1. Show me, bin by bin at 10 Å from 0, the whole-percent P(r) of region 226-276 based on Cα pairs.
2. From the square roots a ≥ b ≥ c of the eigenvalues of the alpha-carbon gyration tensor of region 262-337, which class results: rounded (a/c under 1.5), prolate (a/b over b/c), or oblate?
3. For a protection proxy built on the mean count of beta-carbon atoms within 10 angstrom, sort 141-150, 350-359, 420-429, 289-298 highest first, please.
4. Can you bin region 220-435 into rounded, prolate or oblate? Criterion: square roots of the alpha carbon gyration tensor eigenvalues sorted a ≥ b ≥ c, rounded for a/c under 1.5, prolate for a/b above b/c, oblate for the rest.
5. Order 53-59, 211-217, 378-384 from most to least packed using the mean count of other Cβ atoms within 10 Å.
6. Count the net charge of all other residues whose Cβ sits under 12 Å from the Cβ of VAL313, scoring Lys and Arg as +1 and Asp and Glu as -1.
7. Could you list ASP33, ASP307, ASP408, ASP151 in order of exposure, starting from the residue whose Cβ has the fewest other Cβ atoms within 10 Å?
8. When a/c reaches 1.5 or more, the comparison of a/b and b/c decides; with that in mind, is region 212-324 rounded, prolate or oblate per its Cα gyration tensor?
Amino acid sequence: MAITQVKVPDIGDFDSVEIIEILVAEGDVVAIDDSLITLESDKATMEIPSPVAGKITKLVVAVGESVAEGDYILDIEVSGEAVAEAIKPQAPVAQAAAPVTVAPAPVAPDVVKQPDQKAPVAAKPINPQAMSAAFHASPSVRAFARNLGVDLTHVEGSGPKGRIKQSDVEAAIKAVMSGQKPAPGQAAMSGSGIPPIPAIDFSQFGETTAEELGRIKKISGKFLHASWLNVPHVTQFDECDITEMDQFRKDQKAAAEKVGIKLTPLVFVMKAVVKALQDFPSFNASLSADGQSIIKKHYYNIGIAVDTPNGLVVPVVKDVDKKGIYELSRDLMEISAKARDGKLGPKEMSGGTFTISSLGGIGGTQFTPIVNAPEVAIMGLSKAKIQPVWNGKEFAPRLMMPFSVSYDHRAVDGAEGVRFTTAVGNYLSDLRQLIL
């Protein structure tokens, strides 16, 4: 038998991440990939898996401590054959996904930290980068609050760095019972001066069933609500003729399949969008925290909303302007598989500059996507269908794709909005323009 020291693996661009849960104790027997500890950054909650099977003999960290890549966290007693495998760093498992709609996962440098406030956590603006719970509490406190039905995002912590203690949960319950502040959940569902939706006992009208929302929907729901309240949305609807584009895609389908690539219309849309973003830089930007300046980005990372069994997540394809159709197709296949398997890491969900949400494979004619703040625009693709189009002499059957672009009206005005959608439509109608 041998002792293997387990260290923190690559956790992305983080110098220090807080331990919010320790999932094992000395003497516990673990299998390969069993979760050991949970880390919480400003983007994700990550579980560090065990690289080997064995028995926990020593823990050297505690809840509340901060760790970085390479830090020693515990010892596992393993057999000789397992030592070699133990040396290999294991990737953390990201438990959260942007929102998106989302979700999203936006660029860390674009987020400016808000000043500390004395108001309850519910009154603070939700960090759109956050892909985990917006509170810090030990597992026992979380379980205590969960048993009492208290949403910890609406409890102000009195511990170090705002950590929520059991006494804070008890105080919050007493405050609600005495009528001092709204019940947990109501504050989050109301904006500044917006009255909450009244609670109704629906069982009085008939049989009901209550099902708890999944983790991803809870996280993305808060972010979407914050984006909807803070971003003055405008949605521009349009459609484009993709007859030639789709024929070109079909012509290339066999060649792509020979090298293991599935060509979809989405990759062509991504290239057209990037070209339009280069034409209209205000769409590839974010507003400063005070709203007095616009930060234009000179890189083109496109977030792609992916439907998974656990909810909607938004992985990001990096440097779309520098990649060809085949390379983008490989990237899409890879991130889509990781999204469905719940294996996306923080790096793969951050850095987006513009988001595309495609429902064309499901149906529908038009929809209004919610801006994935701090981005300023998002595109929604709907189902393409054959329509008669007048060509000047007669009606001809053409494959028309409806799409929409929602944007932050503070960064983009209406005239620029319709110019952008027109440009995207023109590029998709004639792919040759993409090389000009």
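1. 19, 36, 24, 14, 7
2. Oblate.
3. 350-359, 420-429, 141-150, 289-298
4. Verdict is oblate for region 220-435.
5. My ranking of the peptides, most packed first, is 378-384, 53-59, 211-217.
6. +2
7. By the 10 Å Cβ count, ascending: ASP33, ASP307, ASP151, ASP408.
8. oblate
No value in this document is a laboratory result; all are computed from the given coordinates. Everything numeric in this text was worked out from a predicted model, so none of it was measured. Neighbour counts are summed over all protein chains in view; Cβ atoms, including those assigned to glycine, are modelled from backbone coordinates with ideal geometry.
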